[in-house]
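*Asks:* Structure provided below as structure tokens; questions to follow.
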Amino acid sequence: MYPHCSAYGMQLYAQYPFLKATGRLADRLMRCSHDRDMYVFAAIKGRGRLLDMLSADSARLYDRQWAEHPHAVDVWQRGDASDSYVFINHLINKEYYREALLEIEREELLGKGHTSRLWADRLLCLRALGAYEDGIYLYETQCRPAIKRRPEVGIQAALLYYSTANYDSVSAVLGSLEEITLSGEAERVAILQGLVAARKGTYGEATDRLCGGAVSISSYQQKVNADVINALQTFRPKKTAVAGLLGVVPGAGYWYAGHRGSALTALLVNSLLAYATYTSVRSENYGVAGLCGFLGVSFYIGNISGSMRSVRRYNARKKEKLFKQLEQNNGVLIN
């Protein structure tokens, strides 16, 4: 898992009082490396890791960088064979995003200047590399006016905002594009608006955008969109209070939250600590009894509070999988 339990514990003790940090660390130790479907999977320093960070936003950004990087490719060929845009497009299609940025920098310095095509490609590369804030800053400070000449710049800006869950800004950019967009971009605008509507929970608008005449996609794609939106509408989240009550029995709360591996670990650890405390008291080894008792209480409290957090994690992961299915079905994030 990332960060490792020791680093996670250091962050906990730096941010929370001792007892709260101890309970949360106990929860982390019981969950460590179990129930992989409940966590974001990302590449950290070249290795796959399960993300369990104190900041849920950090995990979400890692998730987008890992999942979308292979797909953030501009699939259009532009210009003739001698055109520098073709070479930049080739680099992007080969996923050489940093090299494409260097070529764009060279073109802007020596040749083409700050053209709208280069702005769009630069924003695309920054999004593919996960540099969302850099791309948004570039759009806000320099290339916003370019959307009047090339709507693709606005599309890339909207995708950057979408990747940071700033859905109000996505809607603002798309709203400005609706008046000036070329026919070739109208469908992408409609799909993005539908995805934003789904993210905001306005499922009626999402259905109109993704299952109606606004998009010329196949009937199968529209059916998948309708099924996913219906699943989002009818999704019944599990209750944190129920998980907390069930957590009175070690492991039961985790089991309810869908964390089956963590449930078995919690039952085993709490049982062993209770037994160790009991046998130490019987043998009048009160020092060990006190230590085992403190650990037992910490893991017991961690089991209850961790069960409640696990329910929130379960609900978030289930909905996020549906959102990702909707995004992949419509393919708007791939270029």
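*Asks:* Just the Cα atoms of the chain, one point each, no solvent: what log10 I(q)/I(0) does Debye give at q = 0.15, 0.16 Å⁻¹?
*Replies:* Scattering profile of the chain, log10 relative to I(0): -1.19, -1.29.
*Asks:* Further, regarding this structure: Taking every pair of alpha-carbon atoms in the stretch 115-169, what share in percent sits in each 10 Å bin, from 0 to the bin with the longest distance?
*Replies:* Reading the bins upward from 0: 30, 60, 10.
*Asks:* A further question follows. What whole-number value in Å² describes the accessible area per residue of the chain for a 1.4 Å probe? Mind dumping the intermediate values first?
*Replies:* Working: 16590 Å² over 335 residues.
With the other protein chains kept in place, the chain gives 50 Å² per residue.
*Asks:* If the stretch 189-335 were replaced by its equivalent ellipsoid, with semi-axes equal to the square roots of 5 times the Cα gyration tensor eigenvalues, what would those be, largest first, whole Å? All intermediate terms of the calculation are to be shown ahead of the outcome.
*Replies:* Details: eigenvalues 490, 28, 22 Å².
Taking √(5λ) for each Cα gyration eigenvalue gives 50, 12, 10 Å.
*Asks:* For q = 0.16 Å⁻¹, what log10 I(q)/I(0) does the stretch 250-310 give under the Debye formula with an equal point scatterer on each alpha carbon and no solvent?
*Replies:* Each listed q corresponds, in turn, to -0.49.
*Asks:* Whole Å is fine, so just give me how far the alpha carbon centre of the stretch 237-301 lies from that of the stretch 302-335.
*Replies:* 28 Å
*Asks:* Which order do the peptides 201-211, 143-153 take when ranked by the mean count of other beta-carbon atoms within 10 Å per residue, highest first? Show your work: numbers first, answer last.
*Replies:* Numbers: 201-211: 17.7, 143-153: 19.6.
Packing proxy ranking, top to bottom: 143-153, 201-211.
*Asks:* Work out the charge dipole of the stretch 262-335 with +1 on the Cβ of Lys and Arg and -1 on the Cβ of Asp and Glu about the Cα centre, then indicate which of Val332, Ser280, Phe299 is farthest towards its positive end.
*Replies:* Comparing the listed Cα positions along the dipole, Val332 ranks first.
*Asks:* In addition: With 21 Å as the limit, write out which pairs from Lys223/Lys324; Lys94/Lys148; Lys239/Lys319; Lys94/Lys319; Lys238/Lys321; Lys45/Lys318 have Cα-Cα distances beyond it, or answer none. Walk me through the numbers before you get to the answer.
*Replies:* Numbers: Lys223/Lys324 16 Å; Lys94/Lys148 29 Å; Lys239/Lys319 15 Å; Lys94/Lys319 32 Å; Lys238/Lys321 16 Å; Lys45/Lys318 27 Å.
Lys94/Lys148; Lys94/Lys319; Lys45/Lys318, as the Cα separations exceed 21 Å there.
*Asks:* Leaving ligands, DNA and RNA out of it, report the carbon-plus-sulfur percent of the accessible area of the chain at a 1.4 Å probe.
*Replies:* Numbers: 9540 of 16590 Å².
Carbon and sulfur: 57 percent of the exposed surface of the chain.
*Asks:* Tell me the Kirkwood hydrodynamic radius of the stretch 202-264 in angstroms, computed as one over the mean inverse distance between distinct C-alpha pairs.
*Replies:* Numbers: mean 1/r = 0.0703 Å⁻¹.
Result for the stretch 202-264 stands at 14.2 Å.
*Asks:* Taking Cα pairs under 8 Å and at least six residues apart, what relative contact order does the chain come out at, in percent?
*Replies:* Values: 433 pairs, mean separation 62.2, N = 335.
Worked out over the chain, it gives 19 percent.
*Asks:* Provide, in order from the shortest bin, the percent of all Cα-Cα pairs of the stretch 184-230 in each 10 Å bin, continuing until the bin that contains the maximum pair distance.
*Replies:* The distribution over the stretch 184-230 is 32, 59, 9, given as percents.
The values are calculated or read from the model by the stated rules, or taken from the named source; none is laboratory data. These figures come from a predicted structure and were not determined experimentally. Cβ sites come from the backbone with ideal geometry, for glycine too, and all protein chains shown count toward neighbours. Each accessible area value is taken on the protein alone, full model and side chains, heavy atoms only, with ligands, DNA and RNA left out. Shrake-Rupley method; radii C 1.70, N 1.55, O 1.52, S 1.80 Å.
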